[in-house]
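S.K.: Provided herewith is a single structure, encoded as structure tokens, for subsequent inquiry.
The values are calculated or read from the model by the stated rules, or taken from the named source; none is laboratory data. All values reported here derive from a predicted model rather than from experimental measurement. Virtual Cβ from ideal backbone geometry, glycine too; neighbours counted across all protein chains shown. Areas reflect the complete protein model, heavy atoms only, side chains present, ligands, DNA and RNA absent. Shrake-Rupley method; radii C 1.70, N 1.55, O 1.52, S 1.80 Å.
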Amino acid sequence: MVLLMSDEITLTELGNHWISRNWFKQRYWMFAQRQACAPALERTIAILLPNGQEFRITVSALVGDFARIPSGDSAQGNATLRHRKEEHMKARNFTLAITVSVVTAMTIPTDLVAQNQIRYTVTDLGTLGGTFSQAFGMNNNGWVVGFSTLPGDIALHAFVWRKGVMTDLGTLGGPLSAASSVNDAGQVVGYSETSTPDPNGEDFCGFGDHLVCLPVLWQSGVITALPTLGGNNGVGNNINNRGQVVGATEITERDPTCIPPQVLVFKPTIWEEGQPSALPTAPFPDGGTGPAGSDDKGQVVGNVGNCTLSSSAALIWEKNQGTDMGLFQGTVLAPVSINNQGQATGTYTTTVDRGFLWQDGVTIDLGELPGFPTVHGNSINDKGQIAGQTCSPVTCTAFLWRDGVMTDLNTVVSVGSLYMFDPASINSSGEIVGLGIDFAAGQAHAFLAIPCDGTHANQKSCTGKSATAAPAEPSQGLNVALPENVRRLLNGRVGVRFHIPSAF
């Protein structure tokens, strides 16, 4: 198997695992630079692929006009990446050589497979009395936030789940509220309807009742509306550990290009100490959508565009300056999450939606699971782990992407677990929350998935469990009837980050 290491990004399939040139470059370039002025050194690592194969990489860093490829009967291919370090090495040639070998699963000891395949325990977080709930965010202390229907499935309220108890966070008077994000101090941000009809007939929350929708902050259980930029509506999407809130709010200006019932221009917004400021929207000075994610350093990612989103750009904001994140394969990125290392994830669209990892202007495709070509990167933590959703034409499953390896989370869970359909957030400990399916009840509920790794080995949920279980049948992924108001909301603007097939 040969890895094509041209200047253009080239993907090569190894078993069921896709590797990109930039994946190698990002991980081994610094190693190679450190060894550039030293004698030839080699480093070999082994990665266990989802299909049970062991993937070995040997890296050599040399100075000279050619590279020595490490010998070995197991090597099935090699590739060389040249880089002339004229500025720092006075025109000396620098070569990075990579040797790849793939060993079948039969050659891997069973204890190595068990060691690398971390299992998860999945907890059904329940509801506030209705048949539906979904988790959107969590912090590093195990607090989970989202929304849930009340008895009768008419009203939909924000919740916080903590130590097994789900608490209704209430609304500003309307039937809808949603909690999008929670920081480590327990501050929760989201949006809520009031009881006031929108004066322009807008339906900013997307609930179908055309009530005024406002960004809100919950602190110690008390709900407070955040100010807008002069318009009637807004939403809060994320809060970081500095207490900065990002989202979108309307201004007083009307935009005749908007699709009814939207009337007013809305801008990406950041609140600091409760006061809103519009983020730059160039090259769209008269429009914008809104940021979706932020980190503790104050970096924010999201999209700006015209009111119909027929034209848009992906931006990363820092210190009130917006920088275009560029295109990937000729398409605009839709970033939704950024970590404290400046790595971002989200979705870009070619013939289908695809997940990506972005860092320092370099974008790579996350790959896919066999038979699941549609991919969404939903959340990234500080370890670079990405939780996302991947879909076939008939169903979807949750995945974890780590060090270039994508794992179907529904294949590494205990028997009888809630089926993880759409993960929304992953914290620094690798705990994941999102939307799951209870096939027995025919309902969709919020879930919390905990990896049984070294950090969580002593947790009660990780002791005495079976190692793994086969995933649910793919056809089961659609055997749930969502309440109509929930379906409408999830398919509306505020649900754009979360992916529910139309047949679901």
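S.K.: Set the Förster distance to 25 Å, then compute FRET efficiency between ILE259 and THR323 from the Cβ-Cβ distance, nearest 0.05.
M.R.: Numbers: r = 29 Å, r/R0 = 1.15.
Between ILE259 and THR323 the formula returns 0.30.
S.K.: If you take the square roots of the eigenvalues of the alpha-carbon gyration tensor of the stretch 272-414 and sort them as a ≥ b ≥ c, do you get rounded (a/c under 1.5), prolate (a/b over b/c) or oblate? It would help to have the intermediate numbers written out before the result.
M.R.: Numbers: a/c = 2.18, a/b = 1.56, b/c = 1.40.
Cα axes put the stretch 272-414 in the prolate bin.
S.K.: Percent of accessible area on the stretch 241-390 owned by carbon and sulfur, 1.4 Å probe?
M.R.: Numbers: 2950 of 5800 Å².
On the stretch 241-390, the fraction of accessible area on carbon and sulfur atoms equals 51 percent.
S.K.: Taking amide H positions as placed in the peptide plane 1.01 Å from N, state which residues far from GLY126 in sequence (5 or more) or on other chains have amide H under 5 Å from it.
M.R.: ALA446
S.K.: Sticking with this structure for a sec: When ligands, DNA and RNA are left out and all protein chains stay put, how many square angstrom of accessible area per residue does the stretch 118-160 have with a 1.4 Å probe?
M.R.: Numbers: 1170 Å² over 43 residues.
Per-residue accessible area for the stretch 118-160 comes out at 27 Å².
S.K.: While we're on this one: Which value, in Å², gives the accessible area per residue of the stretch 234-346 when a 1.4 Å probe is used on the protein heavy atoms?
M.R.: Values: 4570 Å² over 113 residues.
Result: 40 Å² per residue.
S.K.: Could you tell me whether the stretch 148-304 comes out rounded, prolate or oblate from its Cα gyration tensor? Rule is a ≥ b ≥ c as square roots of the eigenvalues, rounded for a/c under 1.5, then prolate if a/b exceeds b/c, otherwise oblate.
M.R.: Taking the square roots of the gyration eigenvalues as a ≥ b ≥ c, the stretch 148-304 is oblate.
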